[in-house]
1. What pairs from Lys182/Lys257; Lys93/Lys182; Lys35/Lys93 go past 30 Å between their alpha carbons?
2. Gain in length, Val532 to Ala554, computed as 0.36 nm per residue apart minus the alpha-carbon separation, to one decimal in nm?
3. If I histogram all Cα-Cα distances within the stretch 104-150 using bins 10 Å wide from 0, what percent of pairs lands in each bin?
4. Using only the alpha carbons of the stretch 457-511, what is the convex hull's orientation-averaged projected area in square nanometres?
5. What's the Cα-based Rg to Rh of the stretch 351-445, Rh via Kirkwood?
6. Want the number for Ala68 to Asn85: 0.36 nm per residue separation, take away the alpha-carbon distance, what's left?
7. Run through the DSSP bridge list for the stretch 224-327 and note the antiparallel percent, rounded to the nearest 5.
8. Taking 60 Å as R0, compute the FRET efficiency from the Cβ-Cβ separation of Gln543 and Glu141 and round it to 0.05.
Amino acid sequence: MMSIREALLSVEGEDAPSIQPIIDALSGLGFDERKPARGSFSVLQADQVAGLTVAQRCTLQAAVQAVAAGRGAGSATGAGANTFNDTTATYLKACLPAFDAHQLWGSASQLRLLLAETITPGLPLPAPAAARLFQQRAELEGPLVSTAASAAAASADDLSAHVRHVMLGMKPCVGSEMYTAKTTSIVVEDTLRLIAERQPEAMHIHMDRNTTDASEATIKSLRPGFMCWVNGALVLKGEEKAHSRQLEAAIKELTTKMSTAWAAGLVPDKRPPCMLAFAAAGTLLQFFCIQPPESDGDRVQATPISAVLDLTTALGRLRALTASCNIWRLLAGYASQAPTVPLESGHIMRSPDGLRTCCLLQGFFRKSIANFATEQAPFASFELLQDVYSQMSKPEHRRHIIQVYDIEGHAGPQLLNDVYTVHVAPVGVPCQGAPADLRTLARAVSGVLRGLAALHSEGFVHRDVRWANVIFLPAERRWLLIDLEHAGLHDCDCSGAPYPLQHWSHRTLDAGGKYTFRSDLRMLAEQLLCWVELDEGGRDLRQQLLSGQLTAAAALEHEWLVGSGLE
C-alpha cells in the first residue's frame with residue numbers, strides 16, 4: 001500500500017527535496033510519512049497544514065485527491081492502476097483535436113473565437129449530477145453531456161469526475177491569493193494535467209507555480225504566478241490576486257513579468273508565438289494573449305480573448321473549463337511544429353541539495369547560493385567575488401566574459417541572510433560537451449581563452465574551467481566563459497582543505513599547491529581538449545597548454561585558433 005511519502009513523490013514534477021517541507025509540516029501534525037496514505041489522507045485537508053507555499057499546498061492537494069480516487073500516481077486528475085475500463089483518453093482524443101499549428105501567431109480576435117468554441121461531443125458529466133444541473137440550467141446541455149445519454153461518455157470516468165468537480169464540487173473561496181490559486185488550479189491546471197497524462201504523445205508539457213519563500217522575493221516579483229511550458233517555450237502564464245477588485249492589478253502584472261515565450265537569441269530566425277495568459281482575482285477569471293514586442297522599447301499589451309468569467313456561476317465555470325480545453329488544442333497545434341527551446345524562461349533549476357538555484361528571467365540569469373558562509377565562502381569570499389565581477393565589467397572585458405546585470409538599481413553580487421545572489425547576462429545555452437567539428441571547437445576554445453585572458457589581466461584565476469561553465473550564444477555564434485563563483489587570486493594556496501575542487505587533476509596545481517594562470521590553462525587543455533580527436537595543430541596547442549608554455553593571450557595567437565575566434 002502506498003505510503004504518504006510515495007504518494008507525494010508520485011505527483012508530477014516532485015522529488016525528494018521538493019516534498020521535504022510538506023513531510024516536515026505533516027510530521028508536525030503527527031503524520032508519519034511511512035504510514036499508508038489512504039488512511040492518513042482521509043482525515044486530512046490540505047488547507048489545514050500551515051507553513052506551506054501555494055505550490056506545496058497544490059502538491060499535497062493533488063496527492064490527497066489522487067489517493068482518494070484510487071489512482072496513486074500523477075496529479076489529482078492523473079491516471080493510475082484503476083483505469084482498465086476508463087475511456088477518458090479515447091474521449092479526449094475525439095473531442096479535442098489540435099487547432100492549426102500557426103494559430104498562436106494569429107490575431108487576438110481569432111484566438112477569442114477558438115477559446116470559446118464548444119467542445120464536441122460535449123464534456124461528460126455523471127448522470128445524477130447532469131440531471132440536477134440541466135433541470136436548473138437547460139442551456140448547459142449540449143456543451144455538457146450526461147453519461148446516461150452516451151456510451152462513450154459513460155466510460156470516460158476520470159474526465160467525467162473532473163467535469164463534475166469543476167461544475168458542482170468546486171467551492172471558490174476568497175480572502176487570499178492562495179484561495180484564488182486553488183480555484184484556478186482546478187479549472188485550468190488540473191484540466192491541462194488530465195489531458196496531458198492521457199495524451200502524453202501530443203507534446204512535452206510541464207507546469208509550475210511561483211514560490212512564496214521570502215528569500216526568493218526577487219524571483220517572485222519577476223516570475224509569473226503560474227507557468228506552463230511546451231517544448232521549452234513559456235506559452236501560458238497566469239497571475240492571481242485575492243479579491244475581485246484586484247483584477248486590473250493581476251492584468252497589469254501579465255504585462256510586466258516575462259512577456260515572451262523564449263529569451264531573445266535562443267532560437268535564431270524564429271519569431272516567438274504569442275503567449276496565452278489568464279488573470280484571476282477572487283472568483284473572477286479572464287484569458288488574454290500577449291504578443292511579443294517588436295523591439296525592446298515597445299510596450300507589452302495583454303489583449304482579452306475571453307469575457308470576465310464569474311466562477312461562482314455554472315455558466316462561468318463551464319466557459320472557463322471550455323477555454324482550458326481549447327487552450328490545450330492551441331498548444332497541441334503549436335507543439336506539432338514548434339522549435340525546441342534550450343532554456344525555459346522562469347523555470348528554477350536546483351542543485352540536488354537544493355542550496356543552489358538558477359533561473360532564467362527576462363534578459364538575465366539569477367543565481368543564488370544558500371548557506372554561503374559554509375557552502376561557498378571557503379572557496380571565494382563575498383568581497384573577492386564583488387571585486388571579480390567589478391573588474392570584469394570594465395569596457396575592455398565586457399564582450400569576453402559573463403557580466404553582472406543591473407536590476408533594481410543594483411549591479412553586482414548581493415549577500416543577505418547568508419544567501420548569495422547575482423544577476424548575470426547575456427543569456428546563452430550551457431554547453432554539454434565539445435562541439436562536433438574541429439573548427440567549431442576552435443571557436444569555442446577561443447571564446448574561453450578570451451575570458452581567461454580578461455581574468456588573468458586583472459590578477460584573477462577561474463579555477464573551474466570546463467564545458468559546464470561555458471555558454472553558447474546562438475544568435476551571435478560565439479562562446480562565453482561563465483560561473484565566476486570559484487574564482488581566486490593568481491598564485492593562491494590550494495594545498496589544503498577545502499581543496500581540491502572536483503574536476504582538478506593531479507597536475508592542475510603548480511609547485512607548493514599553488515593555483516596559477518597556468519593551472520587555468522591546464523584545466524582548459526584537460527577539460528576542453530582531451531576528450532576529442534584533434535588534428536596536429538590541436539594536439540600542439542593542447543601540449544603547450546599542458547606544459548605551461550603559453551599565456552591565455554599568447555594561446556589566442558596559436559595557428560590552430562587564428563581566424564576561428566574572430567569577432
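1. Pairs exceeding the cut-off: Lys35/Lys93.
2. Net length gain for the segment: 5.7 nm.
3. Percent of Cα pairs in each bin: 26, 37, 21, 15, 1.
4. About 4.9 nm², averaged over all directions.
5. 1.01
6. 4.3 nm
7. So the antiparallel bridges in the stretch 224-327 amount to around 75 percent.
8. 0.15
The values are calculated or read from the model by the stated rules, or taken from the named source; none is laboratory data. Here the structure is a predicted model, which is why all the values come from computation and not from measurement. Cβ sites come from the backbone with ideal geometry, for glycine too, and all protein chains shown count toward neighbours. What goes into the accessible areas is simple: the full protein's heavy atoms, side chains included, and nothing from ligands, DNA or RNA. Shrake-Rupley method; radii C 1.70, N 1.55, O 1.52, S 1.80 Å.
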